[in-house]
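The values are calculated or read from the model by the stated rules, or taken from the named source; none is laboratory data. No experiment lies behind these values; they were computed from the predicted model shown. Every residue, glycine as well, gets a Cβ built from its backbone with ideal geometry; the counts of neighbours run over all protein chains shown. Accessible surface areas use protein heavy atoms only, side chains included; no ligands, DNA or RNA. Shrake-Rupley method; radii C 1.70, N 1.55, O 1.52, S 1.80 Å.
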Amino acid sequence: MRRTRHDGIIRSTRRGGFTLVEVLIASVILFASLAVISEAYRTSLVASTRARMTAELLTPLPLIVEHVRDRLLDTPQEKVDGRGEVLGVRFEFLATSTRFAAPPRRVDADSGQVMVYQPRFRVYDVRLTLAAGSMRRVFNYQELAWLPAAV
């Protein structure tokens with residue numbers, strides 16, 4: 001505030017209001033805050049959408065894995081594949097046998113003979129692909145299947 005002196009009277013020459021520099025600084029602060037807030041909102045919206053889609057994709061996973069396991073137990077072959085849809089999630093799998101082995105030998109306590117068994121256990125490497133909408137996930141895991149015991 002400037003003060004001038006005319007005829008012995010001190011008068012203030014400043015009028016009320018903001019200067020252009022003050023308005024520009026306030027505008028820059030306001031728009032920077034709005035930009036940060038809108039980016040944070042957009043990021044959280046994208047993360048929320050992705051989480052919802054992932055939950056929808058993975059919800060039927062236990063049912064699908066059970067289907068794969070049942071299929072391997074029903075047809076324990078060198079390669080087993082299949083596809084289907086559960087709760088709107090499409091899936092396909094390929095199971096490749098990596099090991100075909102027999103149960104361990106054991107000694108019969110009554111006769112003293114060593115019991116040798118035929119191979120009946122298979123270990124599979126399973127590649128399971130899930131797809132729903134634009135989302136797709138691939139899982140690799142191992143599964144065990146076996147032939148019924150000979151009577």
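Summary table below
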| item | result |
| --- | --- |
| Pair list, Cβ under 6 Å, 6 or more apart: region 125-143 residue farther than 15 Å from residue 71 by Cα and in a strand (DSSP E or B), other residue of a type in the set (A, V, I, L, M, F, W, C) and open to solvent by 20 Å² or more (accessible area, probe 1.4 Å) | 129/138; 135/53 |
| Any hit, region 79-89, residues being over 30 Å from residue 52 (Cβ atoms), within 30 Å of the chain's Cα centre (by Cα) and in contact (Cβ under 8 Å) with a residue 40 or more places away in the chain | yes |
| Number of positions in region 98-110 that are touching a strand residue (DSSP E or B) at 6+ places or on another chain (Cβ under 6 Å), free of Cβ contacts under 8 Å to residues at least 24 places away in the same chain and either surrounded by 12 or more Cβ atoms within 10 Å (Cβ to Cβ) or part of a loop (DSSP other than H, G, I, E, B) (or both) | 4 |
| Leading residue by the ranking (nearest to the chain's Cα centre (by Cα)) among those in region 111-151 that are surrounded by fewer than 10 Cβ atoms within 10 Å (Cβ to Cβ) and closer than 18 Å to residue 81 by Cβ | 138 |
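Condition check ((1) more than 18 Å from residue 131 (Cα to Cα); (2) exposed (fewer than 15 other Cβ atoms within 10 Å of the Cβ)) across all residues:
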position	(1), (2)
48	yes, yes
53	no, yes
60	no, no
63	no, yes
66	no, yes
73	yes, no
79	yes, yes
87	no, yes
91	no, no
